[in-house]
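Visitor: Can you keep this structure in mind? I'll have questions shortly.
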Amino acid sequence: MQEVTEKIQENQAQGEVSDGGGEAVALAGGRPDAVLEDLVGEVRKKVRKVFIDATESEFRAFIGADRYERGDGRKDQRNGHRVRDMVTEIGTLTDLPIPRSREGNFLPSFFGKWQRTQKKVIQIVAEMFLRGVSTRKVGKLSKAIWGKGFSPAAVSAFNGQLKEDFLQWM
C-alpha cells in the first residue's frame, strides 16, 4: 500500500494525475453537488429525448406512415398528442408528448395503461415499505429522490402489486 501511495505522490508531483475533476468543480462555482445536479439534469434530458423518439417511432409503425405522409398503407390519422409525466429511476420526466390517433387506441410499449411510474421505482418503494419505513416517510423520501412524493395509499398499492408479482412467481 505504501508503494501505491508513493507512486501516486510521485505522479502528482510530475503533473500526470489530475485532481479528480477539480476543473469541473471550479466551473460549477466550487460546489461538487452542483456538478452532480447538472450531470443528472443532462442525463434526464437525454432519456426524455430517447422516450420521445421511441414513442414517435412506435407511432409511425402503428399508423403505417410518417408525419404528413399520404399513402395506401396508412391505417390511421394523427390527432395531436397528450402530455404525460413518468417517474423513473433518474427522476420525473415531465411533459412527455404521447401521440394520439383518430381511433384513439395507441399506447407506447413503455407506458402501461394508467401507468405513470416505472416498475423499478414501484419495486424500490415497496421494498422500503417492507423494510419497515413508514408509508409517510416513504412518500417524503420518494419526493426527495425522484421529485414526486407518493401518498401512503399509493405505497400500500405498490406493496400489493409486489405481493401479486411474488405470488405469480411462486
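The values are calculated or read from the model by the stated rules, or taken from the named source; none is laboratory data. If you're wondering where the values come from, they're calculated on a predicted model, not measured in any experiment. When we count neighbours, we look across all protein chains shown, and the Cβ atoms used for this are built from the backbone with ideal geometry, even at glycine. SASA here: full protein model, heavy atoms, side chains in, ligands and nucleic acids out. Shrake-Rupley method; radii C 1.70, N 1.55, O 1.52, S 1.80 Å.
Visitor: Identify all residues within the range 94-109 that are within 17 Å of Ala54 (Cβ to Cβ) and out of contact with any strand residue (DSSP E or B) (no Cβ under 9 Å at 6 or more places or on another chain); write none if there are none.
Guide: Answer for the range 94-109, where residues must be within 17 Å of Ala54 (Cβ to Cβ) and out of contact with any strand residue (DSSP E or B) (no Cβ under 9 Å at 6 or more places or on another chain): just Ser109.
Visitor: Could you list, in sequence order, the residues of the range 73-85 that are loosely packed, with under 12 Cβ neighbours inside 10 Å, touching a strand residue (DSSP E or B) at 6+ places or on another chain (Cβ under 7 Å) and either modelled with pLDDT under 85 or assigned to a loop (DSSP other than H, G, I, E, B) (or both)?
Guide: Passing the criteria: only Gln77.
Visitor: How many residues are acidic (Asp, Glu) and in a loop (DSSP other than H, G, I, E, B) if we restrict to the range 86-143? I'd like the intermediate steps shown before the answer.
Guide: Of all residues in the range 86-143, those acidic (Asp, Glu) come to 89, 95, 103, 127.
Imposing the further condition that a residue be in a loop (DSSP other than H, G, I, E, B) reduces the set to 89, 103.
Adding up the residues that qualify gives 2.
Visitor: Working only within the range 124-150, note down all residues that are farther than 17 Å from Thr88 by Cα and open to solvent by 60 Å² or more (accessible area, probe 1.4 Å).
Guide: Result: Phe129, Leu130, Arg131, Gly132, Arg136, Lys137.
Visitor: Given the structure, is Lys148 under 22 Å from Met86 (Cβ atoms) and either part of a loop (DSSP other than H, G, I, E, B) or of a type in the set (S, T, N, Q) (or both)?
Guide: In short, yes.
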